[in-house]
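This report concerns only the one structure given below.
The values are calculated or read from the model by the stated rules, or taken from the named source; none is laboratory data. Keep in mind that what you see is a predicted model, and the values were worked out from it rather than measured. Cβ: placed from backbone, ideal geometry, glycine included. Neighbour counts: every protein chain shown. Ligands, DNA and RNA are stripped out before the accessible areas are found, and what is left, the full protein with its side chains, is counted by its heavy atoms. Shrake-Rupley method; radii C 1.70, N 1.55, O 1.52, S 1.80 Å.
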Amino acid sequence: MGDLVDVTTLAATLIGVGGTLGGTLGGAVLSQRVTREQNRRADRERAEDRHDRTQETRRDLYARLNTAARAYRAAARDAVWAAERGESVEPIILDTAKEAWSEQYSLAQMALPKDVHQIVATLNLALGVGYSVVKQLPGSPDPDDSRRRAKNWFSGPLSDGVYLLEVALRHDLGVEVEPDFEHTRTRMLAALDNDRRSLERLLASERARPIRSI
């Protein structure tokens, strides 16, 4: 009878110890799961925070780039209109706008996605040609024709180029998504590049033209 009691006591003790160990181990596993979930949640929050900061930085950069492009085009266009009215053109306004664009263009180059960079680089060349158009107005052999050409450039191809930049930036930020944007982008970019090359050739031929002696 004593042996039976001892066996029963031992079994109860073992069950109690097993239950305690099992509870302890189960609690430890549950604690580890909670910790892992908390770490994963913290990682997600940090990743979202980094993404938000990156997007905010990109939005600020894009806003400055777009503003600088518009200001540069407007300053050059205003200079053409002033020349047409026979008013003196203050070169510092156009030069300041040019420098502001150049600064934003330099800052943006390393941060732009490939497709956006292609648009910005093409627009940079087009703006540069526009600057040359304005600078060559005073010495043009045909002032009326040169002013007409300049106005067409700033209200046509270059205006389209600035618009394309704005749409591309909004598209890249996910603010404005157009299903056929890739086709539109390719078409408008090619047109701007072709028009810019044609204008460059025309300006070069005028510079090479000999000045008539009186």
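Compute the accessible area per residue over the range 93-185, keeping the other protein chains in place, probe 1.4 Å, unit Å².
Values: 4650 Å² over 93 residues.
That works out to 50 Å² for each residue.
Leaving out ligands, DNA and RNA, what percent of the accessible area of the range 76-199 is carbon and sulfur, probe 1.4 Å?
Numbers: 3320 of 6560 Å².
Taking all protein chains in place, the range 76-199 shows 51 percent carbon and sulfur surface.
Taking only the C-alpha atoms, wrap a convex hull around the range 127-214 and report its volume per residue in Å³ as a whole number. Present the calculation step by step, with values, prior to reporting the outcome.
Details: hull volume 7.4 nm³, N = 88.
Residue-normalised Cα hull volume stands at 84 Å³.
Determine, for each peptide in 99-107, 83-91, 156-164, the mean count of other beta carbons within 10 angstrom over its residues, then list the peptides with the highest first.
For the peptides 99-107, 83-91, 156-164, the packing ranking is 156-164, 99-107, 83-91.
Enumerate the lysines that LYS98 could reach by cross-link, defined here as Cα to Cα under 21 Å, with residues fewer than 8 away along the same chain left out.
List returned: LYS135, LYS151.
Quick one: which of 129-140, 193-204 comes out on top by average Cβ neighbours within 10 Å, and what's the full order, highest first?
On the way: 129-140: 17.9, 193-204: 15.2.
Peptide ranking by packing, descending: 129-140, 193-204.
For the range 121-140 and the range 178-211, compute the distance between their C-alpha centroids and round to whole Å.
Rounded to whole Å, the Cα centres lie 12 Å apart.
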